[in-house]
Amino acid sequence: MRRIRSRFMLPLFTLTILGAALNVAAGGIQQAAGTPYGSGSGLVLRGGATLAPPRILDLGSDPVALNQVVEDQDGSERREDTNTEVTYELQAEVLFAKDSARLSNSAQSHIAAIAREINQQRPAKVRVSGFTDTLGSSTHGDALSTQRAQAVQTVLADGLPSTVSFETRGFGERHPIASNTTEAGRRENRRVEISFQPTGR
């Protein structure tokens with residue numbers, strides 16, 4: 001019994017000290033917050049400096065990477081914005097016929113519209129990545145996903161300044177975002193992603 005007590009005494013003592021320190025710090029913060037410019041606040045500013053006006057930042061639920069996701073009704077297109085990157089995810093079915101890398105006319109128009117949106121954010125580099133499901137051989141999936149990514153990149157390049165560089169890759173069946181055991185999952189995995197970092201972020 002004595003051994004158990006000694007095992008917990010040091011952590012308990014440490015927690016007690018930390019709790020007391022936090023109480024003291026919280027009291028100081030409350031006092032400073034209550035009178036930010038008063039002489040009793042404990043804050044000392046050098047050379048006549050003044051405090052900047054307070055700002056409230058709405059960080060939402062994720063203060064590290066602010067996230068906004070927009071998806072159309074049938075899930076065939078998805079756009080994700082973080083504080084560092086924008087990604088468009090397009091299902092292959094809305095762009096290509098089965099087992100084809102040729103863009104339909106409506107798909108070309110849609111990608112041209114995405115290029116106009118990208119152009120407003122002035123990125124230096126755009127990544128275009130193709131993905132397939134696990135049906136067929138992995139060699140065929142690698143080739144098809146590469147051809148599809150290149151087809152999308154060609155249309156994007158027509159709508160963007162020549163100063164924008166591209167990184168275009170086909171990943172085949174690698175990096176699935178859903179299970180390949182169902183057709184619904186395989187449909188999600190057959191996709192092309194367009195991602196870039198807007199200037200100034």
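The values are calculated or read from the model by the stated rules, or taken from the named source; none is laboratory data. Quick caveat, the model's predicted, so the values are computed rather than measured. Don't worry about glycine lacking a Cβ; one is built from the backbone with ideal geometry, like all the others, and counts go over all protein chains shown.
Structure data summary
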{"read-out": "Cβ pairs under 7 Å, 6+ apart, first in region 179-199 and free of Cβ contacts under 8 Å to residues at least 60 places away in the same chain, second of a type in the set (Phe, Trp, Tyr) and assigned to a strand (DSSP E or B)", "value": "ASN189/PHE131"}
{"read-out": "Region 93-131: number of residues that are among the small types (Gly, Ala, Ser) and under 21 Å from the mean Cα position of the chain (by Cα)", "value": "4"}
{"read-out": "Filter pass, GLY136 being touching an Asp or Glu at 6+ places or on another chain (Cβ under 9 Å), in the same structural domain as ARG191 (by TED's automatic domain parsing) and either modelled with pLDDT under 95 or of a type in the set (S, T, N, Q) (or both)", "value": "yes"}
